[in-house]
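> Below is one structure. I have some questions about it.
The values are calculated or read from the model by the stated rules, or taken from the named source; none is laboratory data. Since the structure is predicted, the reported quantities are computational estimates derived from the model, not experimental observations. As a convention, Cβ positions derive from the backbone with ideal geometry for all residues, glycine included, and neighbour counts pool all protein chains shown. Quick note on the areas: whole protein, heavy atoms, side chains included, nothing else; ligands and nucleic acids left out. Shrake-Rupley method; radii C 1.70, N 1.55, O 1.52, S 1.80 Å.
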Amino acid sequence: MDIDKYLNDVLESQTLTDDGEEMKALRKRRDEVEKLLRESFKDTNPVIRYAGSFSKKTMIKESYDLDIACYFPRNDDDAGSALKDIYRNVRDALKKKYTVDPKNSALRLKGLDADVHGTDFHIDVVPGRFTDDDQKDVYLHRENDDKLRLKTNPQIHVDHVRDSGVRDAIRLVKYWRERNGIEIKTFVLEIIVIETLKDKKDRKLQTQLQHIWTEFRDNSASLSAKDPANPEGNDLAAFLSEDIKTQLRQVSEKTLKQVDDGQWENTFGKVTAKENNTRTSALAAAISSRATGQPHKPYAEF
Amino acid sequence: MPRSAWYKFPPDTLPKLRAELEQRYPTLHLFERAGFIELLGSFPIEHGGIEIDRFKIQILLPPDFPKAPPFVWETAGRIPKILDRHIYPASGNCCFFYPDEYRLLYPDGMSFFDFIQGPMRDYFLGQLAVEAGQPWPFGQRAHGKDGAFEFYEEFFGVKGKEIVLNYLKCLAYETLKGHQWCPCGSGRRLRNCHMTELSQLRKRVPIDIAGGAFKRLGEPTASVKRP
């Protein structure tokens, strides 16, 4: 098996194409959100743009979210005088059309109407305010933290990842994280992968991945991450709890055993064209074979 | 800290579970956290060698597992957290069956692998069908009390909420007495009616379950208590 070819096939299978259904739906939803926000904050002029993995070009099909930044000018109070007010006013504006799940700095959009109630639209809106007129650094509200605001520079984050030279490795490690349920935040994982591979950018993907897993297995206790946008100001230690380090260590140990035995497909799965017809007929067959037994009926209490 | 004796005795319980997981579900990982056993990762839905899909999940094995069933959460936010998708909105965990069902159908509990290959797989197969715009393939229980009555109607082989309540009340007592009125509502004495069936049920339904269900589901009407 040509491992790098296999890994590239995995990457391709995880790519959201421009003309694919997922991207079309995301773009349509993005336009709706922008329109709603502009209508809600007519007297101000928020900067609304793509952020997160879409801008960094590290999206994967397995788990994709579109981050939409909505940043207000420094001296504009129309959306709220305090950062907390901006966050809540944006949330209330979005609630007109969506179910909004507040995250720490972002607002997760889900369906509101009966036919899509609770359906995850894979969109996070991130409200914030520029720290100055240069409109580079922003303050983000922290809903669940003692430290109520976070100073950051989204463009530095985007550049840091997009120009890292290891985007393929980042995407594969994100996919590995998803398949194995590791609870590490994406931006922390990205920073760690970039730091770990800083001297190995020209290596094969296979080597890069094995190096990352070896680091996770052997040196998880000393793992740390510095925010490239605010290296001294933002402490990321809280994102690398002992539980997360344990998960990284244990899963990496298993993964290394698998790949040492040549079982890369146990790690990333078989790359097959997931054609809808095949999937639909396999689902029908699975249901019909189970129906002859004593399947359980789902329930829910009020 | 809750005791988790089930995985401490025999001492190789956990290593065995880990080894089998590694073989059968390499993307599910077991962790010990504050006395609980937690599994994180993704669960593949396969048939005939084809992976149909997979769900990202978290499983918590309670201290009294396998007597009590595992708690399972779908962690990717793929399934809307609403009753109609059989998720408890408050806690967000999946609801595989009416809770008494587990204790009555599996009095000794289920092994971990029987559970994930049985009720858990059934549930996710159902979610896939619903995502595809189909009805729940194996049916679904109504929410709340109505679903509980449905289960007990099937389990007792009777029809009607009042009859279910009478059965539960009857089974909440230690002994069945032949001279009492039959809970089926026939107007006959138990000895002349469903004594055999009730005696069989008496062996399968612990008093605490019958009494608890009776309390939750409400009092029977006077007319059914006595024909």
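> Shielding by partners for A:278-284, please: the mean number of other protein chain Cβ atoms within 10 Å of each residue's Cβ.
Shielding by partners across A:278-284 averages 6.
> What is the spread of the Cα atoms of chain B along each of their three principal axes, largest first, in whole Å?
Largest first, chain B extends 59, 46, 34 Å along its Cα principal axes.
> Next up: Could you name the lysines whose alpha carbon sits less than 16 Å from that of A:LYS254, not counting residues in the same chain fewer than 8 places away?
In chain and number order, the partners are A:LYS245, B:LYS16.
> Where does the protein assembly as shown land at 222 nm, in deg cm²/dmol rounded to the nearest 500, when only DSSP H runs of n ≥ 4 count, each adding -39500 (n - 2.57), divided by all residues?
Calculated mean residue ellipticity at 222 nm is -12500 deg cm²/dmol.
> Now, a different point. Which of the aspartates and glutamates could a cross-linker bridge to A:LYS257, judged by Cα under 16 Å and excluding same-chain residues fewer than eight apart?
A:GLU215, A:ASP218, A:GLU265, B:GLU20, B:GLU22
> How do A:ARG49, B:ARG191, A:ARG142 stack up against each other in accessible area, from largest to smallest, with a 1.4 angstrom probe?
B:ARG191, A:ARG49, A:ARG142
> Considering the Cα trace of chain A, what is its radius of gyration and what is Dmax, both in angstroms?
Considering chain A through its Cα atoms, Rg and Dmax are 21.4, 68 Å.
> Trypsin sites (Lys or Arg not before Pro) within the stretch A:155-219: which are DSSP loop residues with at most 16 other Cβ atoms inside 10 Å?
A:LYS185, A:LYS198, A:LYS200, A:LYS201, A:ARG203, A:LYS204
> To the nearest Å, what is the center-to-center distance of the stretch A:130-149 and the stretch A:1-63, using C-alpha atoms only?
For the stretch A:130-149 versus the stretch A:1-63, the Cα centre distance is 23 Å.
> Another question, then. Filter the cross-link list A:LYS95/A:LYS185; A:LYS97/A:LYS147; A:LYS147/B:LYS56; A:LYS200/B:LYS56; A:LYS28/A:LYS95; A:LYS201/A:LYS270 down to pairs whose alpha-carbon distance in this structure exceeds 24 Å.
Going by Cα-Cα distance, A:LYS95/A:LYS185; A:LYS97/A:LYS147; A:LYS147/B:LYS56; A:LYS200/B:LYS56; A:LYS201/A:LYS270 fall outside the 24 Å limit.
> Now for a separate question. From the C-alpha gyration tensor of the stretch A:241-302, pull out the three semi-axes of the equivalent ellipsoid (sqrt of 5λ each), sorted largest to smallest, in whole Å.
Calculated on Cα positions only, the semi-axes equal 34, 23, 12 Å.
> Note the direction-averaged projected area, equal to a quarter of the hull surface, for the Cα convex hull of the stretch B:101-227, in nm².
One quarter of the hull surface, i.e. the mean projection, equals 8.8 nm².
> Any idea what log10 I(q)/I(0) is at q = 0.06, 0.10, 0.13 Å⁻¹ for the protein assembly as shown, Debye with uniform C-alpha scatterers and no solvent?
Once normalised to I(0) and log-transformed, intensities are -0.37, -0.93, -1.36.
> Can you tell me the FRET efficiency between A:ILE156 and B:ILE207 if r is taken as the Cβ-Cβ distance and R0 is 60 Å, rounded to the nearest 0.05?
My answer for the efficiency is 0.35.
> Grab the alpha carbons of the stretch B:5-131, take their convex hull, and tell me the volume per residue in Å³.
115 Å³
> Per q in 0.16, 0.23, 0.25 1/Å, what log10 I(q)/I(0) does a Debye calculation on the alpha-carbon atoms of the stretch B:106-178 return?
For the stretch B:106-178, the Cα-only Debye profile gives -0.81, -1.07, -1.10.
> Within 10 Å of each Cβ in peptide B:72-84, how many partner chain Cβ atoms are there on average? Round it to a whole number, please.
Rounded to a whole number, the mean comes out at 4.
> Something else about it: Taking the Kirkwood radius as the inverse of the mean 1/r across Cα pairs, report the Rg/Rh of the stretch A:180-302.
1.13
> Here's another thing I want to ask about it. Could you tell me what percent of the accessible area of the stretch B:144-225 is made up of carbon and sulfur, with a 1.4 Å probe and every protein chain present?
51 percent
> Pairs of alpha-carbon atoms within less than 8 angstrom and 6+ residues apart define the contacts here; what relative contact order does the stretch B:144-225 have, in percent?
The value is 34 percent.
> Turning to a different aspect of this structure: Considering the Cα trace of the stretch A:12-154, what is its radius of gyration and what is Dmax, both in angstroms?
In order Rg, Dmax, the Cα atoms of the stretch A:12-154 give 15.1, 46 Å.
> Give a residue-ordered list of calculated ³J(HN,Hα) values for the stretch B:30-42 (Karplus: 6.51 cos²θ - 1.76 cosθ + 1.60, θ = phi - 60°; whole Hz; x for Gly, Pro).
Result, ordered by residue: 9, 10, 9, 10, 6, x, 9, 9, 10, 10, 10, x, 10 Hz.
> What Kirkwood Rh does the stretch A:34-99 have if only Cα atoms enter the pairwise 1/r average? Answer in Å.
13.1 Å
> What figure in square angstrom, to the nearest 10, would you give for the accessible area of A:GLU39 with a 1.4 Å probe?
About 100 Å², ignoring ligands and nucleic acids.
> Can you tell me the accessible area per residue over the stretch B:1-160, all protein chains present, probe 1.4 angstrom, in square angstrom?
That works out to 41 Å² per residue.
> Can I ask one more? Residue by residue through B:199-211, how many Cβ atoms from other chains fall within 10 Å of the Cβ on average?
Across the residues of B:199-211, the mean count of other-chain Cβ atoms within 10 Å is 0.
> Quick one: which residues, 5 or more positions from B:ILE45 or on another chain, have an amide H under 5 Å from its amide H? H modelled 1.01 Å from N in the peptide plane, none for Pro or chain starts.
Amide H to amide H, under 5 Å and 5 or more residues apart or across chains, B:ILE45 pairs with B:ILE52, B:ASP53, B:ARG54, B:PHE55.
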